[in-house]
Amino acid sequence: MKGKFITFEGSEGCGKSTQSKLLYEYLKRKVKRVVYVREPGGTKVSEKIRRILLDPKNTINPLCETLLYMAARAETVSQLVKPAILKGYIVICDRFLDSTVVYQGFGLGVDIGFIYNIARSITAGIKPDLTILLDLPVAKGLRHRRFIKDRIEKRSLSYHQRVRKGYLRLARQEPERIKVIKVKQDKYKTQKEIKLVVDRFLEKYR
Ligand code: TMP
């Protein structure tokens, strides 16, 4: 089977990291050739950029913030995502370009056309084949967060609401790629739904 690119998206505290790792374990047993990456991160430099971006002591201008997320992505795509897809692996990525569109575009008002323009060079033709969007009310998600919040988590409730609405808007625009899954109280119930969606998606390529 040709490589596939599956991304996870969602607002704060939606359980995305837990669910993406559970899917990785599941697919590793099932198809073996699977790689797990998180964004921003995955390479030495993009993990450093991540620390700058999330440090609550930093004040960063929205355009600089956008470009730093994109810079981290340029590293992750060229070093990990693209080579793995070309080798036929399934790549599971915890966040990708949709995050920039909603967090910096819908959330901070950065021009979305500008985001897609730079993304064209940075993503090198790589686009998610399937995106799992985990959805839950913003207040609920923020309650799940740690006591010490990072620079993005600290933003206002209305910011996080714009992020959630942005995601749901993208899902309406691209229903074939973006599958919305309502987060359940029981993480295994959520996982079951994700597995169904992913199994159905992979079935198409057998
Ligand atoms: P994480 O908490 O899911 O690991 O993601 C790190 C934070 O960075 C999270 O608050 C979302 C934010 N983020 C953006 O604002 N724009 C982006 O492009 C990405 C990838 C993440």
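The values are calculated or read from the model by the stated rules, or taken from the named source; none is laboratory data. Here the structure is a predicted model, which means the values were calculated and not measured. When we count neighbours, we look across all protein chains shown, and the Cβ atoms used for this are built from the backbone with ideal geometry, even at glycine. When the accessible area is computed, the model is the full protein with side chains, heavy atoms only, and any ligands, DNA or RNA have been set aside. Shrake-Rupley method; radii C 1.70, N 1.55, O 1.52, S 1.80 Å.
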Rg in Å to one decimal, and Dmax rounded to a whole Å, for the chain via C-alpha atoms: 16.2, 49
VAL45 and GLU203 label points (each 7 Å along its Cα→Cβ direction) are spaced in nm at 4.3 nm
Any chance you could run the full-extension gain for GLU153 through ALA124? It's 0.36 nm times the residue separation minus the Cα-Cα distance, nm to one decimal. 7.5 nm
Projected label distance in nm at ILE60 and ARG169, using a 7 Å step from Cα toward the beta-carbon: 2.2 nm
Find which of SER158, VAL35, THR59 sits farthest along the positive direction of the dipole of the chain, computed with +1 on the beta-carbon of Lys and Arg, -1 on that of Asp and Glu, about the Cα centre. VAL35
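State in Å² the accessible area per residue of region 4-203; use a 1.4 Å probe, count heavy atoms of protein chains only, and round to the nearest integer.
Numbers: 10030 Å² over 200 residues.
So region 4-203 comes to 50 Å² accessible per residue, rounded to a whole number.
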Run the simple label-point estimate for LEU67 and LYS184 please: 7 Å along Cα→C-beta, distance reported in nm. 4.6 nm
Using modelled backbone amide H atoms (1.01 Å from N, in-plane), which distant-in-sequence or interchain residues come within less than 5 Å of VAL91's amide H? LYS4, PHE5, ILE6, VAL35
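On the accessible surface of the chain, probed at 1.4 Å, how many percent belong to carbon and sulfur atoms?
Details: 5930 of 10690 Å².
Whole-percent figure for carbon plus sulfur exposure: 56.
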Which residues in region 184-203 have a backbone N closer than 13 Å to a point placed 7 Å from the Cα of LYS30 along the Cα-to-Cβ line? 191-203
Please list, in order along region 59-75, the HN-Hα scalar couplings obtained from phi with the Karplus expression 6.51 cos²θ - 1.76 cosθ + 1.60 (θ = phi - 60°), rounded to whole Hz, x for Gly and Pro. 10, 10, 5, x, 6, 5, 4, 4, 5, 5, 4, 5, 5, 4, 5, 4, 5
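What 222 nm value per residue comes from the helices of the chain, counting each DSSP H run with n ≥ 4 as -39,500 (n - 2.57) and dividing by all residues, nearest 500 deg cm²/dmol?
Working: 9 runs with 101 residues, N = 206.
Taken over the chain, the calculation gives -15000 deg cm²/dmol.
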Summed over the other residues with a beta carbon less than 10 angstrom from that of GLY3, with K and R at +1 and D and E at -1, the charge totals +4
